[in-house]
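Asks: Before we start, here is the structure in question, set down as structure tokens.
Every number in this text was worked out from the coordinates using simple rules, so none of it is lab data. This structure is a prediction, so every number in the text was calculated from the model and none was measured. In this analysis, Cβ positions are derived from the backbone assuming ideal geometry, glycine residues included, and neighbour counts consider all displayed protein chains.
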Amino acid sequence: MMGSLARGAAAVALAVSLPLTVAHGQSEEETAALLMEIDALSAMFQTYTDFPWLEDGEDASFVYGDTKGIVHHYVSEGGRLRERWKSFPLEGLAKEVFAEDLDGDGRPEIIAYTQKSRIYIWETQKYELLWESVDISERIKVIQAMVVADADRDPQLELIVCGDNKIHYIDGVDYYVEKAGRDFVEPSMMLVADVDNDLELEIITNDGYVIDTNTLNIEWANDGFGYPITLFDLDNDGVLEVVGESQGALTFWDVEERREIW
Ligand SMILES: [Ca+2]
Ligand SMILES: [Ca+2]
Ligand SMILES: [Ca+2]
Ligand SMILES: [Ca+2]
């Protein structure tokens, strides 16, 4: 019973982490075949993200970083995959890729960071490089994890970076470090959500910390949430629980009540 719940929840977690955009008007078989193809790719590449913008005629769109340090943007038209763009070889292999609208014009930018702590941002009309973090890479030697979210009081998205074991906010429009925390954390994955129902967002690091998004101080800590982590409202009370996997089993934490609930 435990096993089937764990599998079900894992499927939910996977669906949450891969919100594919598939257009209407395709046959079910075409869609199924395409999804299988994309699933195979997403399983192969850790550095994979859905691209939440479709041009006319496109059924699906995603971005991945390959094992040679090149980022690719693939689209599917009529059930066929086509590479729309690829980057130059990055300084280091991409550790993670994101597609988020940083400048608020409706169209996502492609964001990648590498094992050599270099961050790249491209716009996606002409794929011009908007930023390469040469200065910040001199200051931050190792980027452990990144998440893109609007976590502070300015209306734009921030790049929330754990670099050299401290949380940093990098402005998503002007690309400077606007805030840095002092508490030591060591995540390989982070999430941003209101997990304690105080109407303020928290940063959740998979190594077990819940961090205030204003002060960047640790609010609560446990021995670790596991890896990967995701969010799921298990008890259906409208507040997300933190879900983490360790050694094949899922654990759910209610951060509001500061306890494990499953
Ligand atoms: Ca944009
Ligand atoms: Ca913001
Ligand atoms: Ca909160
Ligand atoms: Ca809940």
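Asks: Which log10 I(q)/I(0) values does region 142-262 give at q = 0.12, 0.18, 0.20 Å⁻¹ under the Debye formula, counting every alpha carbon as one identical point scatterer?
Replies: -0.40, -0.88, -1.07
Asks: Among the listed pairs 126/179; 141/166; 68/116, give every one whose C-alpha distance is greater than 20 Å. Spell out each step's value before the answer.
Replies: Details: 126/179 31 Å; 141/166 11 Å; 68/116 13 Å.
From 126/179; 141/166; 68/116, over 20 Å: 126/179.
Asks: What are the equivalent ellipsoid semi-axes of region 89-201, built from the alpha-carbon gyration tensor (square roots of five times its eigenvalues), in whole angstrom, biggest first?
Replies: Working: eigenvalues 90, 69, 29 Å².
That gives 21, 19, 12 Å for the three semi-axes.
Asks: While we're looking at this one, here's another question. Determine the dipole magnitude for the chain: charges of +1 sit on the beta-carbon of Lys and Arg, -1 on that of Asp and Glu, nothing else is charged, the reference point is the Cα centre, and the result goes in debye to the nearest 20.
Replies: Working: 19 positive and 53 negative charges, 245 e Å.
About 1180 debye.
Asks: Cα extents of the chain along the three principal axes, largest first, in whole Å?
Replies: The principal-axis extents, from largest down, are 51, 49, 32 Å.
Asks: For region 200-216, just list the computed ³J(HN,Hα) in residue order, Karplus coefficients 6.51, -1.76 and 1.60, θ = phi - 60°, integers in Hz, with x standing in for Gly and Pro.
Replies: Coupling constants for region 200-216: 10, 6, 10, 9, 10, 9, 5, 7, x, 10, 10, 10, 5, 6, 8, 8, 6 Hz.
Asks: Moving on. Find how many whole Å separate the alpha carbon centroid of region 96-162 from the alpha carbon centroid of region 31-62.
Replies: Computed from Cα coordinates, the inter-centre distance equals 21 Å.
Asks: Oh, and also: What is the fewest-to-most order of 95, 141 by other Cβ atoms lying within 10 Å of their Cβ? Show your work: numbers first, answer last.
Replies: Working: 95 19, 141 10.
Placing the least packed residue first, the sequence is 141, 95.
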